[in-house]
Amino acid sequence: MKRVFPRLLVGIQHYDLSKLSIFFLIVFTVFYSLEYKYYKRANCIIASDVIHYYAYLPATFIYKDLSLDFVYEDPGHFSRIFWPVNTPNGKHAIMVTMGMSILYAPAFLITHAIVSLTGGDTSGFSEPYRLGLVIMGWIYLFLALLFLRKFLLRYYSKYVTALTLLMTLLGTNLFHYSTAETTMSHQYSFFLFTTFLLLTIQWHEKPRLSKAILIGIVSALITLVRPSNVTLGFIFVFWGVESFRGIYEKLLFFFKNYTSVLLIFVFAFLVWSPQLLYWKFYTGDWFFLGYAENGSNFFFSNPQIINNLFSYRKGWLVYTPLMLLAFIGLGILWNKKRGFAIPIIIFSIINIYLVSSWWSWWYGGSFGMRAYVETYAVYALGFAAFIDWTFRRKLYIRIPVLITVFALVGFSYFQTRQYYFGSIHWVGMTKEAYWHQFLKLKPYGDYYKKLTIPDMEKAREGIYEYKPAE
């Protein structure tokens, strides 16, 4: 036994565990998704918010009408799959920006070509289209993990990187949004965030014009998917800043590379221009806040930060407790790599405030606090710093810490399964309901009587009251 164990360790060292972890994660994600076959269900994949995100594609390439006037010609059929909003000039428009449609486009166009050639249902909403979007989601996830691995390996070992990748996907609600709700924006934004981070570090090391162009394109897509994710820009602006003097030095660095900085804005504008033209043509304004027209607003004087982070209804740290380790990791970064810690902390403070100020601070029907899923690309640095610190401790510290890490990852996966079976409710969780169902996979007893539902009309006014679930 004494000889076998060292040989096993030597054998493991010949393999790149960070690559093996990506292979495992992708295979596990694909098989999990295929097991439940969400793409076969007409009420899944292209449903809920995805109906808005996806609308640009069938409206453009199938129905040839971005005004969505065709919806009113047969409302009995189209009202289920298109949800236009009214515009100030009396017309109709798609409520959200077109970022997700751009990211869906490769899957949609390939699927549409195949279905057209084979004589299938070319409505844009049949099973082949749903399957195409699911496969596209897997590809984006694979690329995101590859880019995140490449980013982490610049600063940490392959072992730390491998465990960080496992924690980031399986230890958070990113896994749910990579399987059950793979067409929601979060997995796609996670890909864009990882790409942006990798480009950020590469540009700061050597500010090439090609990198600046890519940063402009990616940053535009990030905000076209979800405009509030503009907060990620603080990572770029403050990257490498370690002190107040560092801010002055950073300004000099930007000024010295002004051509490259200008290219970022130029290409970001170019990517955004189709959206601006769409708004101008169909609404009469260069900017159109579709969510505001729908009665959805931010209440910056009444941010629900405590609820957003700690409530049993959707609290980020309740349903993704592994994030506590990422925050501890930020403290380690403060001492080891302050140039990383400062931009992440600035980003976190601003982003949490913004996310908590949204009228629906629980972000609709979802598993956990979905508004933070894409930010796990940023907080992977916190995970990595924590794991690296752990690996450098003595065995009597390392073992219990690693056991805790794997326990939290397992707990997160278990909660994902609870959500699937309804043991964690999509919007109605309370303290009583949470502990009633704690470590119980399926609902039992008087669980449903312990749920409460937000009063949506009052919430749109910034007043938060809850009523028993019916």
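The values are calculated or read from the model by the stated rules, or taken from the named source; none is laboratory data. Computed from a predicted model, the values in this text were never measured in an experiment. Ideal geometry is used to build each Cβ from the backbone, glycine not excepted, and the neighbour counts take in all protein chains shown.
Scanning the range 146-174 for residues that are crowded, with 23+ Cβ neighbours inside 10 Å, of a type outside the set (Val, Ile, Thr) and within 16 Å of the chain's Cα centre (by Cα) gives Leu148, Leu165, Met167, Leu169, Gly171, Asn173, Leu174.
Against the test of being surrounded by 15 or more Cβ atoms within 10 Å (Cβ to Cβ) and on the phi > 0 side of the Ramachandran plot, the options Ser67, Ser48 yield a single qualifying residue, Ser48. Within the range 69-86, being among the hydrophobic types (A, V, I, L, M, F, W, C) and under 28 Å from the mean Cα position of the chain (by Cα) holds for Ile81, Phe82, Trp83, Val85. Where helices (runs of 4 or more DSSP H) fall wholly inside the range 304-343, the ranges with 2 or more residues that are polar (S, T, N, Q) and either touching a Ser or Thr at 6+ places or on another chain (Cβ under 9 Å) or farther than 30 Å from Ile463 by Cα (or both) are 305-310.
The condition (being farther than 29 Å from Met429 by Cα, among the charged types (D, E, K, R) and either modelled with pLDDT under 95 or surrounded by 15 or more Cβ atoms within 10 Å (Cβ to Cβ) (or both)) is satisfied by just one residue among Lys337, Lys314: Lys337.
In the range 261-285, the qualifying residues are those that are of a type in the set (Gly, Ala, Ser) and under 23 Å from Gly233 (Cβ atoms), and the one that is surrounded by the fewest Cβ atoms within 10 Å (Cβ to Cβ) is Ser273.
Could you please let me know if Ser357 is within 30 Å of His425 (Cα to Cα), without any contact (Cβ under 8 Å) to a residue 40 or more places away in the chain, crowded, with 17+ Cβ neighbours inside 10 Å and not acidic (Asp, Glu)?
Numbers: within 30 Å of His425 (Cα to Cα): yes; without any contact (Cβ under 8 Å) to a residue 40 or more places away in the chain: no; crowded, with 17+ Cβ neighbours inside 10 Å: yes; not acidic (Asp, Glu): yes.
No: the conditions fail for Ser357.
Could you look through the range 368-400, keep only residues that are among the β-branched types (Val, Ile, Thr) and touching a residue at least 24 places away in the same chain (Cβ under 8 Å), and pick out the one that is farthest from Phe190 (Cα to Cα)?
Narrowing the range 368-400 to residues among the β-branched types (Val, Ile, Thr): 373, 375, 378, 387, 390, 397, 399.
Add one more test, that the residue is touching a residue at least 24 places away in the same chain (Cβ under 8 Å), and what stays is 373, 375, 378, 387.
Numbers: Val373: 7, Thr375: 7, Val378: 9, Ile387: 21 Å.
Ranking the qualifying residues of the range 368-400, first place goes to Ile387.
Would you kindly identify the helices (runs of 4 or more DSSP H) lying entirely within the range 46-116 that contain at least 2 residues that are over 24 Å from Ser189 (Cα atoms)?
Numbers: elements: 49-54, 56-61, 75-78.
In the range 46-116, the matching helices (runs of 4 or more DSSP H) lie at 75-78.
If we keep just the residues of the range 427-439 that are assigned to a loop (DSSP other than H, G, I, E, B) and of a type in the set (A, V, I, L, M), which is surrounded by the most Cβ atoms within 10 Å (Cβ to Cβ)? Per the criteria, the residue is Met429.
With respect to Ile424, is the statement that it is assigned to a loop (DSSP other than H, G, I, E, B), in contact with a helix residue (DSSP H, G or I) (Cβ under 7 Å, 6 or more places away or on another chain) and either within 24 Å of Ala326 (Cα to Cα) or not polar (S, T, N, Q) (or both) true? Can you show your working first?
Working: assigned to a loop (DSSP other than H, G, I, E, B): yes; in contact with a helix residue (DSSP H, G or I) (Cβ under 7 Å, 6 or more places away or on another chain): yes; either within 24 Å of Ala326 (Cα to Cα) or not polar (S, T, N, Q) (or both): yes.
For Ile424, the condition - assigned to a loop (DSSP other than H, G, I, E, B), in contact with a helix residue (DSSP H, G or I) (Cβ under 7 Å, 6 or more places away or on another chain) and either within 24 Å of Ala326 (Cα to Cα) or not polar (S, T, N, Q) (or both) - is met.
Quick one: which of Phe238, Phe265 is farther than 17 Å from Phe347 by Cβ and either among the aromatic types (Phe, Trp, Tyr) or modelled with pLDDT under 95 (or both)?
Working: Phe238 fails: farther than 17 Å from Phe347 by Cβ.
When all the criteria are applied, what remains is Phe265.
Residues of the range 108-123 that are buried (at least 22 other Cβ atoms within 10 Å of the Cβ) and either modelled with pLDDT under 95 or over 22 Å from Leu277 (Cβ atoms) (or both): Thr111 alone. Remark: pairs (first residue in the range 200-224, over 15 Å from Phe190 (Cα atoms); second residue of a type in the set (Ser, Thr, Tyr); Cβ separation under 6 Å; 6+ apart in sequence or on different chains) = Pro207/Ser260; Leu209/Ser260; Ala212/Ser260. Comparison of Val373, Val405, Val401 shows that the only residue that is within 30 Å of Leu148 (Cβ to Cβ), among the aliphatic types (A, V, I, L, M) and surrounded by fewer than 18 Cβ atoms within 10 Å (Cβ to Cβ) is Val401.
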